[in-house]
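Structure, as structure tokens:
The values are calculated or read from the model by the stated rules, or taken from the named source; none is laboratory data. On a predicted model such as this, the values are computed, not experimentally measured, just so you know. Every residue, glycine among them, receives a Cβ derived from its backbone with ideal geometry; neighbour counts consider all protein chains shown. Heavy atoms of the whole protein, side chains included, go into the accessibility calculation; ligands, DNA and RNA do not. Shrake-Rupley method; radii C 1.70, N 1.55, O 1.52, S 1.80 Å.
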Amino acid sequence: MDESGGSGKPRSGTDEPTEHRTDRPAPDPGRPDAPTGPETGSAPTGPGPDETPPAQDHQHPTGEDPRPPHTTPGTDGPHPPHLHDDRAFAHSDDDKPRPRRPRDPRGGLLMGRPFGVPVYVAPSWFLVAALITWVFGGQLDRVLPELGAARYLVSLFFAIAFYASVLVHELAHTVAALRFGLPVRRIQLQFFGGVSEIEKEAETPGREFVLAFVGPLLSLVLSGVFYGALRLVEPGTVPGVLLAGLMISNLIVAAFNLLPGLPLDGGRMLRAVVWKITGKPMTGTVAAAWVGRALAVSVLIGLPWLTQSGALGSDAVDNVGMDTVMDALLAAILAAIIWTGAGNSLRMARLREHLPELQARALTRRAVPVEADTPLSEALRRANAAGARALVVVDADGSPLSLVREAAIVGVPEHRRPWVAVSSLAQDITDGMRVSAELSGEELLEALRSTPATEYLVVEETGEIYGVLSAADVERAFVKAMARPS
């Protein structure tokens, strides 16, 4: 047949089939619910006037928290089975229903699409907005007591204006990413600032540096703009207090994000510098991540000490009060975010380092073509005789129509297989279920993510059938690659 490359059977990239595990969709490195983290990270920016959150791990957030794919106990490595009979297709885990891949959460309330990138406000933002309103309102009561209850309206305006400046910070990352041809999934404003979820990492250290630096740069520019506007208004007025607060908060956002540790923008910049010097992005990530962890410890210990000692401008405190407890809690939260982000950056870097090992051609199973009315027992006999692990249903001309699902084969008792046609167990082949044998790494995972399925038809560039790719095989290869040290 034409699609078999002249051999009468579809070709395969491997002579030894790999063991099949639970039918699951391909792993999603980008959502760390993983890696980040994909290493595309984010650069969160400031929670409130007194603190600024760190970025997540990816270039400038992807949001995405890199999460390792689910695994099945007892299937740590590929052990090709010997196909002596029909039961070679049946494995204990295959009769479990395949879980659907969860939809990407929208991230909250959609506010708009600047530059075509959706901007979401997470529910946690309303909590921090209320907190800022309460804290800033208390400060206004001391500075402008004549405002009365109206001070909370002014404070709410400050909270909104502050997060608008955070959005500008994130838009700077987004515009730079789009300029470099890097897709941006979304921008999200949340409790600890904002994140720009960039789906791919920069190709060069120079672009990485620019991509990280533009955010703090815009915050510094905004601080300067508010300072200039402050000189034009009368001190001690509502506009004067608002402009002073916005100037200081943007200065804090810029300074905090410039600290040289992942997942902050400064950590991205340090990573770019080490990458440029060594020529190895992984070396840059390791260096910046460990600096980030040291920074987390410094924040945990140093912030309460600075507050207690009066080094930040307030009076020294000899006893433990509510303010001391709140400072310690804030330090613990910031330290945890920085430490976790640094660890996620390391995992995402390792993921990206091993992604090229996932190759469609190497993971593809040998397949045999069968017509729709072929009994399942006969189809399995042919597959075992050919040393194949997959069945492709073809028409009279040999064109592929559908793929026989392995999980469906398991559900058919052996004594009924001679009376069950393979067409009743097959899934029609859609355009998204045809993947090129040349795909590898992130391109392969993206192709599988775009059309979730248990099996895919692998074809040559000429259109000839190469074999069948199981999502479970890709998942296990992914887990095995991630388990190896960098």
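Any chance you could count how many residues in segment 410-443 are among the polar types (S, T, N, Q) and closer than 19 Å to ARG361 by Cβ? Lay out the reasoning, then the answer.
Of segment 410-443, the ones among the polar types (S, T, N, Q) are 423-424, 427, 430, 436, 440.
After this cut, where a residue has to be closer than 19 Å to ARG361 by Cβ as well, the list is 436, 440.
Total satisfying the criteria: 2.
If a residue must be of a type outside the set (A, V, I, L, M) and in a loop (DSSP other than H, G, I, E, B), how many such residues does segment 105-145 contain? Working first, answer last.
Start the filter on segment 105-145 by keeping residues that are of a type outside the set (A, V, I, L, M), which leaves 105-108, 112-116, 118, 120, 123-126, 133-134, 136-139, 141-142, 145.
Applying the additional criterion that residues be in a loop (DSSP other than H, G, I, E, B) yields 105-108, 113, 118.
Residues that pass the stated criteria total 6.
Yes/no matrix, rows are residues, columns are (1) over 17 Å from ALA362 (Cα atoms); (2) in contact with a Leu (Cβ under 6 Å, 6 or more places away or on another chain):
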| residue | (1), (2) |
| --- | --- |
| LEU445 | no, no |
| ALA453 | yes, no |
| TYR456 | no, yes |
| GLU460 | no, no |
| GLY467 | no, no |
| ASP473 | no, yes |
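Evaluate the following for THR285: is it buried (at least 23 other Cβ atoms within 10 Å of the Cβ), within 17 Å of ARG207 (Cα to Cα) and hydroxyl-bearing (Ser, Thr, Tyr)?
yes
Does VAL368 meet the test of being open to solvent by less than 40 Å² (accessible area, probe 1.4 Å), in a strand (DSSP E or B), closer than 16 Å to SER470 by Cβ and of a type in the set (A, V, I, L, M)?
Here the answer is yes, as VAL368 does meet what is asked.
Taking the condition of being over 20 Å from GLU442 (Cβ atoms) and touching a Gly at 6+ places or on another chain (Cβ under 7 Å), how many residues in segment 170-195 meet it?
Selection size over segment 170-195: 7.
Which residue pairs have Cβ atoms under 6 Å apart, sit 6 or more places apart or on different chains, and have a first residue in segment 114-137 that is open to solvent by 60 Å² or more (accessible area, probe 1.4 Å) and a second that is not acidic (Asp, Glu)?
As it stands, the answer is PRO123/GLY108, since those pairs meet every condition given.
Within segment 232-240, is even one residue touching a helix residue (DSSP H, G or I) at 6+ places or on another chain (Cβ under 8 Å), hydrophobic (A, V, I, L, M, F, W, C) and open to solvent by 10 Å² or more (accessible area, probe 1.4 Å)?
Yes: segment 232-240 contains one or more residues that are touching a helix residue (DSSP H, G or I) at 6+ places or on another chain (Cβ under 8 Å), hydrophobic (A, V, I, L, M, F, W, C) and open to solvent by 10 Å² or more (accessible area, probe 1.4 Å).
Report whether or not SER196 is crowded, with 21+ Cβ neighbours inside 10 Å and within 29 Å of GLY138 (Cβ to Cβ). Let's see the steps before the verdict.
Values: crowded, with 21+ Cβ neighbours inside 10 Å: yes; within 29 Å of GLY138 (Cβ to Cβ): no.
Considered against the rule, which asks whether it is crowded, with 21+ Cβ neighbours inside 10 Å and within 29 Å of GLY138 (Cβ to Cβ), SER196 comes out as no.
In segment 424-461, how many residues are open to solvent by 60 Å² or more (accessible area, probe 1.4 Å) and either outside any loop (DSSP other than H, G, I, E, B) or of a type in the set (Gly, Ala, Ser) (or both)? Lay out the reasoning, then the answer.
Filtering segment 424-461 for residues open to solvent by 60 Å² or more (accessible area, probe 1.4 Å) gives 424, 427-428, 430-431, 434, 438, 443, 446, 450, 452, 461.
Adding the requirement that they be either outside any loop (DSSP other than H, G, I, E, B) or of a type in the set (Gly, Ala, Ser) (or both) leaves 424, 427-428, 431, 434, 443, 446, 450.
Residues flagged as open to solvent by 60 Å² or more (accessible area, probe 1.4 Å) and either outside any loop (DSSP other than H, G, I, E, B) or of a type in the set (Gly, Ala, Ser) (or both) within segment 424-461 amount to 8.
Between ASP373, ASP395, which is touching a helix residue (DSSP H, G or I) at 6+ places or on another chain (Cβ under 8 Å), surrounded by fewer than 21 Cβ atoms within 10 Å (Cβ to Cβ) and more than 30 Å from GLY261 (Cα to Cα)?
Unique residue meeting the criteria: ASP373.
Looking only at segment 428-477, count every residue that is among the charged types (D, E, K, R) and under 18 Å from the mean Cα position of the chain (by Cα) and tell me the total.
The total comes to 5.
Being small (Gly, Ala, Ser), open to solvent by 10 Å² or more (accessible area, probe 1.4 Å), modelled with pLDDT under 95 and assigned to a helix (DSSP H, G or I) is true for just one of GLY148, GLY181. Which residue is that? Before you say what the answer is, go through the steps one by one.
Details: GLY181 fails: assigned to a helix (DSSP H, G or I).
Criteria check complete, one pass: GLY148.
Anything in segment 459-473 that is out of contact with any strand residue (DSSP E or B) (no Cβ under 8 Å at 6 or more places or on another chain) and under 15 Å from ILE429 (Cα atoms)? List them, or say none.
Within segment 459-473, GLY463, GLU464 meet the criteria.
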